């Protein structure tokens with residue numbers, strides 16, 4: 001089964017993970033929310049799939065382009 | 001009756017020469033030969049002649065310099081063939097309007113420079129003179145690596161840099177639209193030529209642009225790097241912004257060039273073309289009433305907002321993947337061309353970083369040069385902050401954007417959607433013109449946002465309080481009561497507050513009225529001073 005890396009678009013900190021391991025998501029769904037420049041920036045699934053792994057936890061810092069989750073597609 | 005001296009006799013016949021002309025033209029059509037063409041096609045690349053035919057109006061290409069090249073002759077001195085010069089150019093029409101265009105022929109010696117009595121294309125070539133003298137747009141279809149060290153043996157001496165200089169290319173930047181497409185590997189002169197353009201585009205995965213390619217990099221720095229990693233679209237477009245837009249293939253590339261030119265005048269002495277719009281100026285979109293979330297922390301889709309306001313289907317985004325904190329696009333309002341600068345709250349809350357600033361500066365210069373009014377859709381918390389931003393000289397690049405806006409003399413409209421703070425906020429206003437600012441009810445502004453400002457300005461009072469966090473929140477709430485846009489509107493500090501749904505009719509009305517000023521301010525723009 002193919003996998004797909006979900007990357008953060010902006011540098012900031014992980015405010016809230018709104019999905020769970022094993023959860024099915026569609027393309028365009030919000031996987032987690034990163035707080036950056038006092039804004040809640042959604043991290044969006046670019047394709048549909050099942051969440052296999054989170055690479056970060058709530059409160060962690062993330063950098064622009066960092067992989068934050070792995071999707072099974 | 002006597003025969004007039006000019007009447008043709010049996011010996012006055014030029015058929016043989018005309019036949020040679022026909023044969024010479026046919027040799028030119030063969031480019032670098034079947035094998036070279038097949039190899040080029042195998043790389044998923046069109047020949048220069050196919051490129052021109054795909055780009056321009058059918059049958060409109062009038063080639064110039066088709067006979068150039070290296071002739072081959074037999075013992076009797078009869079011509080047996082000509083290897084064409086590796087550059088094809090001339091005059092054509094795009095959507096009915098004349099353009100000068102040309103490009104390297106990669107199938108002949110990899111499109112390297114050719115030295116005849118006069119250069120055909122590239123910097124200082126005939127095609128640049130044609131665009132300049134006739135005041136028509138120039139399209140460069142670039143697929144070449146520039147000079148070759150082998151020319152030193154041909155000439156018997158080394159040429160000084162700039163023997164074919166960029167002076168004409170620079171002159172064109174202030175007089176006619178220049179578009180460059182990178183369709184193969186562009187290094188050296190052709191790469192530099194591409195940059196001296198108003199709009200650049202390259203094919204993702206099949207085109208590369210750099211000052212020097214992998215062999216030179218390895219020799220100079222010991223770095224082993226692939227062409228794609230050094231100058232593919234991911235680096236040149238998305239990361240560095242060296243080239244504006246990336247496209248999937250050559251077909252999309254030509255459609256993109258035609259689209260860009262549809263917003264451009266033929267030259268700076270004319271206005272951009274107005275088209276008949278079937279989109280009513282008084283169209284009011286209900287969705288605009290709910291597009292901005294009430295929570296200041298929640299972003300929204302600025303691209304959709306812009307699309308709901310301007311003429312349907314008229315948005316053409318420039319540099320969509322670079323400097324993403326700001327969106328720059330050509331669009332239309334009631335058929336008139338406008339430039340859109342819109343902050344993107346999804347990327348760093350719309351804060352202007354060094355890339356966004358560079359993109360905004362270039363776009364403002366583009367609009368000002370071609371007499372295109374600018375509409376700012378403002379949601380900017382300020383310049384990007386933090387150590388990385390300071391290392392990148394965001395302040396300097398940001399102020400350069402402010403400087404460019406202050407030098408511009410086209411009409412500008414400031415529509416404050418949400419945040420308008422600080423120097424970046426000031427850079428969205430028409431301070432030298434009407435300084436016309438309208439706001440949505442969701443708008444807020446100031447010299448700096450209240451949150452950060454309170455902690456700094458009331459530091460002692462907050463620190464000395466029994467519950468500093470609570471005191472900070474109280475002060476923020478007290479100050480926020482003054483932040484209503486209606487209070488500033490009472491003082492005429494903004495000229496109007498509009499129902500978001502009325503944004504389109506409002507802008508259409510004023511952009512239409514501004515045409516008189518635009519019509520009477522035509523010509524090149526000379527800007528003095530030293531940009532920061």
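Of B:175, B:169, all but one fail to be in a helix (DSSP H, G or I), out of contact with any strand residue (DSSP E or B) (no Cβ under 7 Å at 6 or more places or on another chain) and under 27 Å from residue B:54 (Cα atoms); the exception is B:169.
Against the list (1) within 11 Å of another protein chain (Cβ to nearest Cβ); (2) surrounded by fewer than 21 Cβ atoms within 10 Å (Cβ to Cβ), the condition residue B:382 fails is (2). Set side by side, the residues A:36, A:13, A:61 differ, and just one is within 14 Å of chain B (Cβ to nearest Cβ), buried (at least 19 other Cβ atoms within 10 Å of the Cβ) and either touching a residue at least 40 places away in the same chain (Cβ under 8 Å) or closer than 23 Å to residue B:379 by Cβ (or both), which is A:36.
In the set B:182, B:176, B:139, only one residue is farther than 25 Å from residue B:204 by Cα, surrounded by 23 or more Cβ atoms within 10 Å (Cβ to Cβ) and at pLDDT 95 or above; that residue is B:176. When the test is whether a residue is surrounded by 15 or more Cβ atoms within 10 Å (Cβ to Cβ) and at pLDDT below 95, residue B:162 does not pass it. Restricting A:53, A:47 to those that are under 26 Å from residue B:344 (Cα atoms) and either away from chain B (no Cβ under 14 Å) or buried (at least 20 other Cβ atoms within 10 Å of the Cβ) (or both) reduces the list to A:47.
Those residues that are part of a loop (DSSP other than H, G, I, E, B) and farther than 22 Å from residue B:194 by Cα, I need them from the stretch B:68-89; list them, please. Within the stretch B:68-89, B:68, B:74, B:75, B:76, B:77, B:78 qualify.
Restricting the stretch B:48-75 to residues that are touching a residue at least 60 places away in the same chain (Cβ under 8 Å) and touching a strand residue (DSSP E or B) at 6+ places or on another chain (Cβ under 9 Å) leaves a set whose member that is nearest to residue B:97 (Cα to Cα) is B:55.
Restricting attention to the stretch B:385-401, the residues that are more than 14 Å from chain A (Cβ to nearest Cβ) and part of a helix (DSSP H, G or I) add up to 8. Every condition in (1) more than 30 Å from residue B:178 (Cα to Cα); (2) touching a residue at least 24 places away in the same chain (Cβ under 8 Å); (3) out of contact with any strand residue (DSSP E or B) (no Cβ under 7 Å at 6 or more places or on another chain) is met by residue B:388 except one, and the failing one is (2).
Within the stretch B:90-98, does at least one residue satisfy the condition of being in a loop (DSSP other than H, G, I, E, B) and in contact with a strand residue (DSSP E or B) (Cβ under 9 Å, 6 or more places away or on another chain)? No, because not a single residue in the stretch B:90-98 is in a loop (DSSP other than H, G, I, E, B) and in contact with a strand residue (DSSP E or B) (Cβ under 9 Å, 6 or more places away or on another chain). Of all the residues in the stretch B:217-233, those that are touching a residue at least 12 places away in the same chain (Cβ under 8 Å) and either in a helix (DSSP H, G or I) or over 16 Å from residue B:191 (Cβ atoms) (or both) number 7.
Of the listed requirements (1) under 27 Å from residue B:288 (Cβ atoms); (2) in contact with a strand residue (DSSP E or B) (Cβ under 6 Å, 6 or more places away or on another chain); (3) buried (at least 24 other Cβ atoms within 10 Å of the Cβ), residue B:374 misses just one: (3). Looking at this structure, is residue A:28 within 19 Å of residue B:301 (Cβ to Cβ), without any contact (Cβ under 8 Å) to a residue 60 or more places away in the chain, touching a strand residue (DSSP E or B) at 6+ places or on another chain (Cβ under 7 Å) and not in a strand (DSSP E or B)? The answer is yes for residue A:28.
Looking at the stretch B:36-43, can you tell me whether even one residue there is closer than 20 Å to residue B:202 by Cβ, at pLDDT 95 or above and surrounded by 14 or more Cβ atoms within 10 Å (Cβ to Cβ)? Checked against the condition, which is being closer than 20 Å to residue B:202 by Cβ, at pLDDT 95 or above and surrounded by 14 or more Cβ atoms within 10 Å (Cβ to Cβ), the stretch B:36-43 yields at least one hit. For the stretch B:142-154, filtered to residues that are surrounded by 11 or more Cβ atoms within 10 Å (Cβ to Cβ) and modelled with pLDDT under 95, the residue that is farthest from residue B:102 (Cα to Cα) is B:152. In the set (1) without any contact (Cβ under 8 Å) to a residue 24 or more places away in the chain; (2) away from chain A (no Cβ under 14 Å); (3) crowded, with 19+ Cβ neighbours inside 10 Å, the condition left unmet by residue B:347 is number (2). Every condition in (1) in contact (Cβ under 8 Å) with a residue 60 or more places away in the chain; (2) not assigned by TED's automatic domain parsing to the domain that holds residue B:133 holds for residue B:38 except the one numbered (1). The number of residues in the stretch B:350-366 being under 14 Å from the mean Cα position of the chain (by Cα), closer than 30 Å to residue B:282 by Cα and surrounded by 24 or more Cβ atoms within 10 Å (Cβ to Cβ) comes to 3. For the stretch B:448-462, the set of residues classified as more than 12 Å from chain A (Cβ to nearest Cβ) and free of Cβ contacts under 8 Å to residues at least 40 places away in the same chain consists of B:453, B:454, B:455, B:456, B:457, B:458, B:459, B:460, B:461, B:462, listed by residue number. Does residue B:418 meet the test of being within 28 Å of the chain's Cα centre (by Cα) and within 14 Å of chain A (Cβ to nearest Cβ)? Considered against the rule, which asks whether it is within 28 Å of the chain's Cα centre (by Cα) and within 14 Å of chain A (Cβ to nearest Cβ), residue B:418 comes out as yes.
Yes/no matrix, rows are residues, columns are (1) surrounded by fewer than 24 Cβ atoms within 10 Å (Cβ to Cβ); (2) within 14 Å of chain A (Cβ to nearest Cβ); (3) in contact with a strand residue (DSSP E or B) (Cβ under 7 Å, 6 or more places away or on another chain); (4) without any contact (Cβ under 8 Å) to a residue 60 or more places away in the chain:
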position: B:258; (1), (2), (3), (4): yes, no, yes, no
position: B:269; (1), (2), (3), (4): yes, no, no, no
position: B:279; (1), (2), (3), (4): yes, no, no, yes
position: B:289; (1), (2), (3), (4): yes, no, no, no
position: B:300; (1), (2), (3), (4): yes, yes, no, yes
position: B:307; (1), (2), (3), (4): yes, no, no, yes
position: B:322; (1), (2), (3), (4): yes, yes, no, no
position: B:331; (1), (2), (3), (4): yes, no, yes, yes
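The values are calculated or read from the model by the stated rules, or taken from the named source; none is laboratory data. For clarity, every value in this text was computed on a predicted model and none was experimentally measured. When we count neighbours, we look across all protein chains shown, and the Cβ atoms used for this are built from the backbone with ideal geometry, even at glycine.
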